[in-house]
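Read through the structure below, which is laid out as structure tokens, and then see the notes.
The values are calculated or read from the model by the stated rules, or taken from the named source; none is laboratory data. Computed from a predicted structure; not experimentally measured. All Cβ positions, glycine included, derive from the backbone under ideal geometry; neighbour counts span all protein chains shown.
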Amino acid sequence: MNAPAEHRNFDWMALARKQAVPITFVALCLTLCVMSGQGPAFLAGEVATRLARNSFTTLSLIVPVLAGLGLNFGIVLGAMAAQMAIITVVHWNMAGLSGFLAAALLVVPIAIAFGWLVGLLFNRAKGREMVTGLIAGFFANGLYQLLFLFLVGTLIPFHNPALLLPEGYGLRNTVNLAPVNYALDDILSVTWKSGQGMAWTVGSADKTQPATGAVPSTGPESAGAGSPVKIPISTFLLITGLCLGIGWLMATKLGQDMRAVGQDMHIAEVAGIPVDRTRLIAVVVSTVLAAWGHLVYLQNMGTLNTYSSHEQIGMFGVASLLVGGASVSRATVWQALLGTLLFHTLFVTSPLAGKTLMGDPQIGEYFRVFVAYGVIALALALHAWKGGHQK
Amino acid sequence: MPPILEMSAIAKEYYGNRVLKGVDLSVDAGEIVCLVGENGAGKSTLMNILFGMPVVHATGGFSGAVKIAGQRVAIDSPFKAMECGIGMVHQEFMLLPGFTVTENIKLNRELTSSNPLSSVVGALSPSAGKRLESLDFDSMTRDARAALARVGLEVESEATVGGLPVGHKQFIEIAREVDRHKARILVFDEPSAVLTESEADRLLETMRALARDGIGILFITHRLDEVMAVADRIVVLRDGERVAQLAGSEASVGRIAELMVGRKIEKRDLPPRSFSVSDAELALDIRDLVVDMPGEPVTGATLSVRRGEILGIGGLAGYGKLGIANGIAGIYPGRGTVLKDGLPLPLNDPAGSLARRVAFLSEDRRGVGLLLDESIELNIGLTSLQVQGKFLRTWLPGLSLLDAAGLRAHAREMIRWLDVRCVGPEQPVRRLSGGNQQKVCIAKAVTLDPDLLFVSEPTRGVDVGAKQRILDELVSLNRDRRMTIVVTSSELAELRSVCDRIAIVARGKVSRVLAPDAADVDFGLAMAG
Amino acid sequence: MRERVLALYEKWFLGRVAEIGIPRLLITAFVLTLLGVAYFYGMNLSFLLSDSLVRVGRNGILVLALLPAVQGGLGLNFGLPVGVAAGLVGLLIPMEFDLGGWKCFVVATVLAALFGWLAGLAYGWLLNRVKGQEMMVGTYVGFSVVSGMCIFWLLAPFHNRKLIWPIGGQGLRTTLPCTSGMSRFLDDAWRVKFGDFSIPTGLLLYFLVLCGLVALFFRTRAGLAIRAAGENPLYAKACGISEDRSRLLAAALSTMLAAVGIVAFSSSYGFVQLYLAPLMVAFPAVAALLIGGGSVNRASVSHVLIGTLLFQTLLTIALPVANKVVSGDISEVARVVVANGMILYALTRGSR
């Protein structure tokens, strides 16, 4: 918190070594941006959309990192809670901001329950929370499928032909979220179109106006000067609020306890801090935030892939945080934001660059999957490596 | 005015073993009381009772009374002890390296101020509201600085503790206890073990200053010169009894040492040797051995072991007696010169020392000595198999497999010879009692057929009956197989009953080599270093 | 009297249950129930059981591959895809040269073992530097290798028309049929038939022989050293065993077996699956080992055999039974729940 005063002559090499991961990725992203052959306007728009869509989820990972639980792969359960809530809201025919808020309220008890269960698991698997969280995500995914593929419409009375598969039970693979699409983004947004300047929009005025975020990147011709870039100011305000909220939480007694538990459970225990309970709270907070984050994501996407939207959330979140320079035991709000920016820049540009470079977008697709997994593997290995040396 | 702390007639049993037999201890406000005694005298049990440690209550509690300032109290948890104003300066540091000095001093006693959310939540649940209050760093820093000033440590209160020197950490630990507003009694448990000479002096000065402020201090240490320097009163524990209480002015180092060690020696008639032992033939010549064993560092030990003798190594916990055997066996990194039968023995090379027929039975039987989930037979044979290629049968050139039948026969023989109480050679050693596990370790060592055997703490965790048996086996290995044996033990009486000579280690060096029937005072002084 | 009954109850019932483990009992009961239900619905049991035997032989070596890692103290080797990737490279080389039949199988297995060994040494080197976090690091190293290999498959210099995409002339296809004669080559060797019930003797023998070799290995000096180092590194050190070398050997063996295992799997399945197909290969294998009674730090060949049999039978029978009871593919869901539930159970059972 307090910058050490003795660093008068700045040590660039030390900074480079310390920040090697984000620096590498900044360089990689710049290279890919150039190779993608796209104009800055298109890239900026794409990235801004994705930053608004994903930052909240990445931020939800910070609290458990500080509480010593490592990267919470269990946030997948938060995403599942969000999907349950939003499906319910759509089923109730609620729309717009009120629908979104209803989902945000409804998700809280579900996410608390899920987070509680995951936290109990983590407390039983101290020292291997991450792999437990990963497997818990897979396991929960199985139960989720059981629930929505087989139980909804059979054991659970539910009649809504718009949502059910033709057989009369089981949810459809995609659920149209049009009623709540942009519910949050459109409270306040600014649309920028080159040549026409900026246009502020307050309230969800124009439903018909397509935003770049929903349009899949179709290549250079559509990404020319003409397409508008919409920046959802309200969503960014919410994200800013969350950043401040995390800062506030860590400056409370509870936050201090989390940091203490994160450093050394034994010492915290001896000092009288309720270790298990503090860890549990950290996981619950993370799960609830992840659930909200996923709602932000879904309202922006406008459609829900019932059986796959949540699957990659954990991996993308974790990879984003790590790309930003965070580690298994250290993470800041800035690292989360920078990481989300870099990771999604990579995500947008690598297929395009692959196409320019190799004439095959497939290589880029694989490359970004490789980067997502690779960066996690690298970060985990580096962390364990350092940990081994300290002992 | 009643004493600030009064413990009377404290008695405690662990599984039928009486470790405290009615001990009285009192500390007045402003007084420094030193508690001294050998390992196993009952000091740590007494402190566990004072702090309400769970281990005490999980094993049936204790009898006797604890009074704080004349009020009888039931201390059933460490938290209760803190409430009663008892502070503990730990032997191992309870500091978070990533926290600042202030944060550590205020750990879990942070000062907070309410905020809107905490007020709302607090209305529903006061404890939850309390946890949501914001930290008040300004007040915390003020308190921390005041506490640091009291212990005389000059350090930035914003500095991160991880980067500070060890001596500073000790004082921060003390500052934390001092900062407790209610602190009335402070217990210092071996605080000077990690300090330099000048830091140790400052520590004593700090203790005196705190005592002048009216805090009662209970000081546990092995360093008798420190005891002499600060003690108002000295309490000597031995075998769970308070054997003496002296005023600081009337004590002397020699007197305290004698009281600590003094014990009736059971005279045992050891069988005679059929061979002679003398300085002319050395099995092992150790010169300036340094071993980096955590908690038991050896800083330059010189010792010779005569061929065919039983040599004892004794000393206080933490002073390095265990490090010597561990260093020679290559378990912990060591340097220096060690000659076995006149030829240099490689250090840091467990296989090398085994190949030179040096065997080692670790004090950490379950941690180092055994594969708990494997069978008795495999535990007996595996080391010999790995080092000497025993119990292997060659089927094809290059393919040798475990000779299960041969190993079983050998294991059965060993079990019969050492009287290991077990279901059979295939029983996992985890299910054996401590004594029988030790016998399996001895069988393992004998299978290696060494001519020099190091045994550390051979009777720790072993019941009384088996104790005798194990010592007898060691003697018979020495007499019948002419094995040179080096026994390291915390129990001086045990060493005095079987050894030919006893080397006492203090502060990482061999301070004296004594005959087993030497006077108690000599042992006491040698142990204090 | 009452005490004696209680003592007997404790000794026999609790002791045995604790030894076998509640999940294993539950799963055995579940498999038996499924068999009962299948019989009740008049399904062709011989057919189902033959199918289950094929799947045992096909997947067994991948389960066996976990054994050296557990024995060596590396935990559950979620990094199995490292070996699988190496094995696939070894398998594609003879296919590139249109080798068929047993020749292809033998060459592929030898190459796979070689590449697997080398990859395993590198993997073991990494695992030695991340002690305590082997499972998590292994999981993501496995994922990275699979996704990294995707790029390799696209760019690798394979030219055989049967292997690469028909258009563009570069990049391997996602699913390749095995060369003629190699497909099901082991399944059909010495096949024994009783009506609908047929035993893929060759495949099962191959699996059992490998199990036997692994069991023998753990009775050699090196094998026993791995066991000692895995169970208690300090004990190993005191014996003069190098813990790091043992772990390296364990990782290399595990990876090599995975490579050999994927060759057998592909040959029996009749197709080579590339790209993201091997991503999750470790999870069902791990689940099978755990169902067999293994744990994070202890496993034996018998656990491999029992676990593979139970888990694969469960999968084979669950699908048709589930289709009878409820329509829709519930068996896939059941597989995910059972496999990951089993792993979770093992992870949360204390002792590291």
Within region B:4-42, the residues that are under 20 Å from the mean Cα position of the chain (by Cα), outside any strand (DSSP E or B) and either at pLDDT 90 or above or crowded, with 21+ Cβ neighbours inside 10 Å (or both) are B:Gly37, B:Glu38, B:Ala41, B:Gly42
For B:Val423, indicate whether it is more than 12 Å from every other protein chain (Cβ to nearest Cβ), farther than 30 Å from B:Asp269 by Cα and part of a loop (DSSP other than H, G, I, E, B). yes
Only one of B:Ile485, B:Ile380, B:Ile415, B:Ile470 is in contact with a helix residue (DSSP H, G or I) (Cβ under 8 Å, 6 or more places away or on another chain) and within 14 Å of chain C (Cβ to nearest Cβ); which? B:Ile380
Considering only region A:8-90, give the helices (runs of 4 or more DSSP H) lying wholly within it that have at least 1 residues that are touching a His at 6+ places or on another chain (Cβ under 6 Å). A:40-59
Residue check, B:Pro350 within 13 Å of chain C (Cβ to nearest Cβ), within 16 Å of C:Ala236 (Cβ to Cβ) and touching a Gly at 6+ places or on another chain (Cβ under 7 Å): yes
Every residue from region A:149-183 that is aromatic (Phe, Trp, Tyr) and surrounded by fewer than 23 Cβ atoms within 10 Å (Cβ to Cβ): A:Phe150, A:Phe158, A:Tyr169
Filter region A:223-281 down to the residues that are among the β-branched types (Val, Ile, Thr), part of a helix (DSSP H, G or I) and within 13 Å of another protein chain (Cβ to nearest Cβ) and list them by number. A:Val261, A:Ile267, A:Val270, A:Val275, A:Thr278, A:Ile281
Check A:Ser329 against each of (1) more than 13 Å from chain B (Cβ to nearest Cβ); (2) assigned to a loop (DSSP other than H, G, I, E, B); (3) not basic (Lys, Arg) and name the one condition it does not meet. (1)
Complete set of residues in region B:117-132 that are within 11 Å of chain A (Cβ to nearest Cβ), out of contact with any Phe, Trp or Tyr (no Cβ under 9 Å at 6 or more places or on another chain) and in a helix (DSSP H, G or I): B:Ser118, B:Val121, B:Ser127, B:Ala128, B:Gly129, B:Lys130, B:Arg131
Quick one: count up the residues across region B:452-498 that are in a loop (DSSP other than H, G, I, E, B) and acidic (Asp, Glu). 3
Among the candidates C:Leu62, C:Leu76, which residue alone is at negative phi and part of a helix (DSSP H, G or I)? C:Leu62
Matching residues in region A:116-146 (assigned to a helix (DSSP H, G or I) and either more than 7 Å from chain C (Cβ to nearest Cβ) or farther than 26 Å from A:Ala377 by Cβ (or both)) number 15
Residue pairs qualifying under the 8 Å Cβ cut-off, at least six apart or on distinct chains, with the first in region A:44-72 being more than 11 Å from A:Leu341 (Cα to Cα) and the second being among the basic types (Lys, Arg) and in a helix (DSSP H, G or I), are A:Leu66/A:Arg259; A:Ala67/A:Arg259; A:Ala67/A:Arg279; A:Gly68/A:Arg279; A:Leu69/A:Arg279
Can you confirm whether A:Val371 is closer than 20 Å to C:Val145 by Cβ and more than 7 Å from chain C (Cβ to nearest Cβ)? yes
Somewhere in region C:188-197, is a residue within 25 Å of C:Val82 (Cβ to Cβ) and of a type in the set (A, V, I, L, M, F, W, C)? no
Out of (1) over 20 Å from A:Ala291 (Cβ atoms); (2) away from chain C (no Cβ under 14 Å), what's the single condition that is false for A:Leu149? (2)
In region B:484-509, residue modelled with the lowest pLDDT [restricted to those that are surrounded by fewer than 23 Cβ atoms within 10 Å (Cβ to Cβ), closer than 26 Å to B:Lys340 by Cβ and among the hydrophobic types (A, V, I, L, M, F, W, C)]: B:Ala506
Taking C:Ala252, is it among the aliphatic types (A, V, I, L, M), in contact (Cβ under 8 Å) with a residue 60 or more places away in the chain, within 25 Å of C:Ala346 (Cα to Cα) and more than 14 Å from every other protein chain (Cβ to nearest Cβ)? yes
Qualifying position, being away from chain A (no Cβ under 14 Å), under 25 Å from the mean Cα position of the chain (by Cα) and closer than 24 Å to B:Leu25 by Cβ, among B:Ala58, B:Ala74, B:Ala69: B:Ala58
